[in-house]
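To keep things clear, I will list the structure first and then write my remarks on it.
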Amino acid sequence: IGDTTRVERESAPRKSGGMHFTDIVEGKAVDSVVFDARNKLIHSYKSGDVTYQGMNLKADYMRVDMETKNIFAHGYPDSTNLREDGTPRNTQPEFSDGGSPYSMDTITYNIETQRAKIKNIATQQGDGWMVGQDVKRMSDNTINIADGMYTTCDQTDHPHFFYSMSKVKVIPGKKAIMGPGHLVIEDVHIPFLGLPEGFFPLS
C-alpha cells in the first residue's frame with residue numbers, strides 16, 4: 001500500500017515555534033508513512049519520496065522532524081545487490097535540489113537552512129565522479145568534502161584509479177578547489193604525482 005502525507009503551509013508563524021513551513025511538504029512511501037504526533041516526527045518506510053519546493057529526497061527510511069525541520073535518511077541491505085564477499089550492499093538515499101542527484105549512505109538535511117551533513121557521497125560532475133566520506137552541503141549549493149576523491153571510473157564504491165584529496169570545495173557545474181592531493185592507481189598511492197593545492201573545471 002502506498003501512503004501519502006502532506007504538511008500544509010501556515011498563513012502566519014506560530015508564536016510558540018514548532019511546525020511552521022513556508023510551503024507544502026509532500027511525501028509518500030511504498031510500505032508506510034507513520035506520523036508520531038506526540039514527538040512531531042514523520043517516519044517513511046521503503047521507497048520514501050519527500051519533496052519540498054525544489055528539493056527532492058528518496059530513501060528506504062526517512063525521519064522528518066517537524067520541530068527542527070531536519071530530514072534524516074538512510075538505506076537498508078539489498079539482497080539483490082551483493083558485494084564480492086556475498087554480503088548485501090545497502091540501498092542509498094538520493095538527493096537532488098535542481099541539479100545533478102547525489103547518492104550517499106546517510107543524509108541529514110535541514111529544510112529551513114538548506115544545509116546538509118552527508119556520509120559517503122557520490123555525485124557526477126562533468127565526465128567524472130566526486131566522492132567523499134564526510135560532506136557538508138551549504139545553502140548556496142556548494143559542497144565541502146573531507147577525504148575526497150575525483151575519478152572517471154564508474155565504480156565509485158571502489159574505483160580502479162582516482163585523485164585523492166584531503167579536502168575539496170565543489171561549485172557544481174563550475175569548478176572544484178582542492179587542498180593537498182595525489183594519484184592512486186589500483187590502491188597504490190603515488191605521492192610524487194600530486195599537488196599541494198589547485199582547482200579544475202567541472203564543465
Practice prompt. Taking the residues in segment 74-102 that are within 15 Å of Ala122 (Cβ to Cβ) and small (Gly, Ala, Ser) as candidates, determine which candidate is least open to solvent (accessible area, probe 1.4 Å).
Written response: Gly75
Worksheet item: Where in segment 103-203 are there strands (runs of 3 or more DSSP E), lying wholly inside it, with at least 2 residues that are open to solvent by 30 Å² or more (accessible area, probe 1.4 Å), free of Cβ contacts under 8 Å to residues at least 12 places away in the same chain and in contact with a strand residue (DSSP E or B) (Cβ under 7 Å, 6 or more places away or on another chain)?
Response: 188-195
Discussion item. So the check is Cβ under 6 Å with 6+ separation or different chains; which pairs have a first residue in segment 66-89 that's within 14 Å of Lys46 (Cβ to Cβ) and a second one that's part of a loop (DSSP other than H, G, I, E, B) and open to solvent by less than 70 Å² (accessible area, probe 1.4 Å)?
Written reply: Ala73/Pro93; Gly75/Thr91; Tyr76/Thr91; Asp78/Thr91
Item to complete: Report whether or not Asn39 is without any contact (Cβ under 8 Å) to a residue 40 or more places away in the chain and either assigned to a strand (DSSP E or B) or open to solvent by 50 Å² or more (accessible area, probe 1.4 Å) (or both).
Response: yes
Response to the item:
Of Val64, Val50, Val25, Val33, the only residue that is more than 25 Å from Lys136 (Cα to Cα), in contact with a strand residue (DSSP E or B) (Cβ under 7 Å, 6 or more places away or on another chain) and buried (at least 18 other Cβ atoms within 10 Å of the Cβ) is Val33
Worksheet entry | Sole residue being at pLDDT below 90 and not hydrophobic (A, V, I, L, M, F, W, C), chosen from Tyr52, Tyr61, Tyr45 | Tyr52
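The values are calculated or read from the model by the stated rules, or taken from the named source; none is laboratory data. The structure presented is a predicted model; accordingly, all values stated were derived computationally and were not measured. Reconstructed Cβ throughout: ideal geometry from the backbone, glycine too, with neighbour counts over all protein chains shown. What goes into the accessible areas is simple: the full protein's heavy atoms, side chains included, and nothing from ligands, DNA or RNA. Shrake-Rupley method; radii C 1.70, N 1.55, O 1.52, S 1.80 Å.
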